Amino acid sequence: MTTEVGGEYLALARKYRPQNFEDVVGQEHVLKALAHSIDTNRTHHAYLLTGTRGIGKTTIARIFAKALECEKGVSSHPCGECDACKAIIAGVFPDVVEIDAASQTKVDDTRQLLENTQYPPLKARYKIYIIDEVHMLSTSSFNALLKTLEEPPAYVKFILATTDPHKIPSTVLSRCLQFQLRALSLDEISHQLQKVCGLENVKYSQEAIQALARAARGSMRDALSLCDQAIALGHGELEAATVYSMLGTIGDVLITDILGLLSTPPAAQAASAAQAVPVAPTADALDLGAVLKKIREKSPNYKSLLDELLLVFHDLAMYQMLGANTHLEVFSFSTSMLDSFARKFDPQQIQLYYQIVLEGLQEYPYATDGRAAFEMTLLRLLAFTPLKKNFLGEKTS
């Protein structure tokens, strides 16, 4: 479900790249500050946008450039129709230069760039330099950049973007206005995916949308790329089974089955604890076997499965402390599922399970077989399932 442009297909992440501040998902605190500085003619000469991948750093930088260079006047609402706006969108405007610092780390590249700043813009009001992954510049390159960053010509603007601001020298940081972009919430990503699927006339299930939003880990670009892939695999539709297969996960149903195993201590184990005599589990072993069989039939990515378990234990711990009515967007799984299992575990159990899964992930690279690593972690979880009262003080069976 991509769009054909000039004989080539345009991926969803490119087709639905925001072209104005209003279209950007999230980042309200950054957008308001930038829009206000543009509308009041108080723009700084150097900006630094930081945050994880795929959350809008380069996109915001391009919109900011359009706002300053639009032929209809400097405005936080660039027209998008004039020659300048179109050229910036196409990446061919001579006075807006995009540089990938990861591939141009040498000091000679930086010096050549800085030499060009002494010449006024060819067509527009400003010469704007967008430097992506700026933390990849060498120490010599940063030193060469310092003087120009401190006192650039009036017509020069720098917009730096990075995923790792800690690697940027403090002398550079102090010369820039810094904006921290946040990872997007599940609701923000889910809403945008639904909007895109609607525009593309793609049938989708809510479970599939939620699975993609979780897998994106806060990145809108990753979510759209995964959505593109899932639509292709699903022959134009977005179904949960296709998404789980593509991601190598097992879905909420089997996650619920695993939690069910943990919340129902084996009767034989309880008897052996009372008698202090080892007794092999009987009927409950069949339940475990059935769950393992279902998981094996899915042929999942077992590391991703451990990641899912870690996430669900985090959600259960947060739900127990905050409840369903919290204003924080902290849950990756449905509140109905969390409410059900939050009553069956006490906080100590959840913390123990989280540590066991975390240890399983740490040991995973050393395992000869991913399935064995996951199953041993699951058995370790089952080995620590004591009979206790739940968090609400109610007895469990």
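The values are calculated or read from the model by the stated rules, or taken from the named source; none is laboratory data. These numbers were taken from a predicted model, which means no experiment stands behind them. Please note: Cβ atoms are built from the backbone with ideal geometry, for glycine as well, and neighbour counts cover all protein chains shown.
Descriptive notes on the structure:
- Residues being assigned to a loop (DSSP other than H, G, I, E, B), without any contact (Cβ under 8 Å) to a residue 24 or more places away in the chain and among the aliphatic types (A, V, I, L, M) - total across region 93-131: 0
Okay, residues lined up against (1) assigned by TED's automatic domain parsing to the domain that holds residue 262; (2) over 18 Å from residue 313 (Cα atoms); (3) modelled with pLDDT under 95:
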{"site": "351", "(1), (2), (3)": "yes, no, yes"}
{"site": "357", "(1), (2), (3)": "yes, no, no"}
{"site": "367", "(1), (2), (3)": "yes, yes, yes"}
{"site": "379", "(1), (2), (3)": "yes, no, yes"}
{"site": "390", "(1), (2), (3)": "no, no, yes"}
{"site": "393", "(1), (2), (3)": "no, yes, yes"}
{"site": "397", "(1), (2), (3)": "no, yes, yes"}
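- Helices (runs of 4 or more DSSP H) fully within region 160-225 that include at least 1 residues being under 18 Å from residue 130 (Cα atoms): 170-173.
- The residues listed here are 45, 77, 36; of these, the one that is closer than 24 Å to residue 150 by Cα and either assigned by TED's automatic domain parsing to the domain that holds residue 212 or surrounded by 13 or more Cβ atoms within 10 Å (Cβ to Cβ) (or both) is 45.
- Region 117-151 - residue that is among the polar types (S, T, N, Q) and in contact with a strand residue (DSSP E or B) (Cβ under 8 Å, 6 or more places away or on another chain) and, of those, surrounded by the fewest Cβ atoms within 10 Å (Cβ to Cβ): 117
- Pair list, Cβ < 6 Å and 6+ apart or interchain, from region 4-27 residues that are outside the structural domain of residue 193 (by TED's automatic domain parsing) to residues that are assigned to a helix (DSSP H, G or I) and modelled with pLDDT under 90: none
- Number of the condition not met by residue 117 [criteria: (1) more than 29 Å from residue 166 (Cβ to Cβ); (2) of a type outside the set (A, V, I, L, M, F, W, C); (3) in contact with a Ser or Thr (Cβ under 9 Å, 6 or more places away or on another chain)]: (1)
- Restricted to helices (runs of 4 or more DSSP H) entirely inside region 243-317, those with at least 3 residues that are over 20 Å from residue 383 (Cα atoms) and at pLDDT 85 or above are 283-298.
- Strands (runs of 3 or more DSSP E) contained entirely in region 1-71, each with at least 1 residues that are within 28 Å of residue 204 (Cβ to Cβ): 3-5, 8-10
- Looking across region 211-231, the residues that are touching a residue at least 40 places away in the same chain (Cβ under 8 Å) and more than 24 Å from residue 57 (Cα to Cα) come down to 211, 231.
- Number of the exception - residue 345 against (1) out of contact with any Leu (no Cβ under 9 Å at 6 or more places or on another chain); (2) surrounded by 14 or more Cβ atoms within 10 Å (Cβ to Cβ); (3) not in a helix (DSSP H, G or I): (1)
- Residue list for region 42-59, filter: more than 12 Å from residue 179 (Cβ to Cβ), touching a residue at least 60 places away in the same chain (Cβ under 8 Å) and of a type in the set (Ser, Thr, Tyr): 43, 52, 58
- Sole residue being under 23 Å from residue 102 (Cβ atoms), among the basic types (Lys, Arg) and crowded, with 17+ Cβ neighbours inside 10 Å, chosen from 167, 157: 157
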